[in-house]
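For reference, the structure discussed in these notes is given below.
Read-outs throughout are calculated quantities, based only on the coordinates presented, and are distinct from any laboratory measurement. Note that the structure is predicted; figures quoted are calculated from it, not measured. Here the Cβ positions follow ideal geometry from the backbone for every residue, glycine too, while neighbour counts run over all protein chains shown.
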Amino acid sequence: MGYIRAREVTVAFPIYGGSSRSLKKTFMRAATGGVLARDAGDRIVVKALDGLSFEIKEGDRVGLVGHNGAGKTTLLRVLAGTYEPVSGEMMVLGRVASMLSITLGMETEATGLENIYLRGIVLGLRRSEIDALVPEIIDFAELGDYIDMPMRTYSSGMAMRLAFAISTSLSADIIIMDEWLSVGDQSFSSRAQVRLRQMVDKAKILVLASHDPNLIRTNCNKVIHLDHGKIVNIETIEPPAPPG
């Protein structure tokens, strides 16, 4: 199952030590794009998301667009479970694969093999599920004997190959991405794009934040336009016609 529903979702971050700011300044737009306000405890807060309501159903490919600070990444983090709304309700049904930080949970002092298990746990997998995925992950990452060496001995490219192989090894109902993921040198990148496309095509829902209008129109059937943490418009778009 894949389903997302937001009802008046608000996310606000308190600014400690900001009580001395003038009342006028508390209602100025923040540099991050959020809106400065006061909460019930008279603390100054930045409203990163302000009363968002929407519904995403199975089969939807949704693009998030807006200027830097419009709330795109904050919304993705709420969907991934990283942030909790201060008010409103966010319902997410289905297994979520977050591509926001594919190295989350990985340790430089642990071996590549140990990091497969560490990252797998962060992704919510049971040990038996990780056991089944290990051979395919090792094969795709192409690290050879380095898989049994500490990750601190890896180049940045090797570390990203391993992280990508782990993050794309499981099927997911909902995929969340901040820009289209691209890793590795040309040879690995080509294989990675095929693998990522297969994963996205199998997913029931895609939520993709991007500044690239062509990427959005190529991959999405709906677009949520954000501005200063609010939804300006939800647009339905037609997918591009197949070549020929």
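A few comments on the model shown:
- Taking GluC sites (Glu not before Pro) as exposed when their DSSP state is a loop state and no more than 15 other Cβ atoms lie within 10 Å, the longest site-free interval of the chain runs over 110-178.
- Couplings for the range 172-186, taken from phi via the Karplus curve 6.51 cos²θ - 1.76 cosθ + 1.60 with θ = phi - 60°, read 9, 7, 10, 10, 10, 9, 9, 6, 6, 6, 9, 9, x, 6, 4 Hz in order; Gly and Pro are left as x.
- Counting neighbouring Cβ atoms within 10 Å and putting the fewest first, the residues LYS202, LYS230, LYS47 line up as LYS202, LYS230, LYS47.
- Projected over all directions and averaged, the alpha-carbon convex hull of the range 117-244 occupies 10.5 nm².
- For the chain, the equivalent ellipsoid derived from the alpha-carbon gyration tensor has semi-axes of 34, 23, 16 Å in decreasing order.
- Theoretical gain in end-to-end length, GLU136 to HIS225 [0.36 nm per residue, Cα-Cα removed]: 28.2 nm
- Under 13 Å, Cβ to Cβ, from TYR146 - net charge with Lys/Arg +1 and Asp/Glu -1: -2
- Environment charge at ILE205 (Cβ cut-off 15 Å; Lys +1, Arg +1, Asp -1, Glu -1): +2
- Difference of contour (0.36 nm per residue) and Cα-Cα distance, SER156 to SER171: 2.8 nm
- Neighbour counting of Cβ atoms within 10 Å sorts the residues ILE102, ILE147, fewest neighbours leading, into ILE147, ILE102.
- Extension gain from LYS202 to HIS67, taking 0.36 nm per residue of separation minus the Cα-Cα distance: 45.6 nm
- Total formal charge among the other residues, if their Cβ is under 11 angstrom from that of SER98, Lys/Arg +1 and Asp/Glu -1: +1
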